[in-house]
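Read-outs: derived from the displayed coordinates by stated rules, not from any lab. Since the model is a prediction, treat every value here as computed from it, not as a measurement. Positions of Cβ are backbone-derived with ideal geometry, glycine not excepted, and every protein chain shown enters the neighbour counts.
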Amino acid sequence: MNATWIDFLKSNKASFLEKPEINFNDNQSPQSNAITALAHFSILKVTGSDASVFLQGQLTCNINELSESNSFFAAFCNAKGQTISTLLILK
């Protein structure tokens with residue numbers, strides 16, 4: 001995490017335990033806006049003229065139906081069809 005983001009989290013009463021665990025104070029009510037740590041998520045950007053062809057062969061969704069206005073949940077599987085990772089894919 002970059003220093004600016006860490007400073008922002010600390011200014012919103014975040015406490016850092018062991019990496020990547022981040023806790024916030026317990027007095028945030030469920031009805032109010034709240035900050036939630038999502039440090040366990042990552043973003044990958046796949047680019048290039050053959051990106052869609054590559055991803056079509058790697059993921060469990062139909063990449064050709066992906067547009068600017070929709071998204072798909074997909075899985076990345078090994079050769080035996082066992083899920084290695086799940087993801088939300090956006091164009």
Calculated from backbone phi, Karplus (6.51, -1.76, 1.60) coupling profile of the stretch 71-76 in Hz, x at Gly/Pro: 8, 9, 7, 9, 10, 9
Pair Phe8, Ser49: separation of 7 Å Cα→Cβ label points (nm): 3.7
Backbone HN-Hα couplings from phi across the stretch 53-70 [Karplus 6.51/-1.76/1.60, Hz, Gly and Pro as x]: 5, 4, 5, 4, x, 10, 10, 8, 10, 8, 4, 5, 8, 6, 9, 5, 9, 9
Relative contact order %, the stretch 33-91, counting alpha carbon pairs below 8 Å whose residues are six or more apart: 24
Long-range HN-HN contacts of Cys61 with modeled amide H, under 5 Å: Ala75
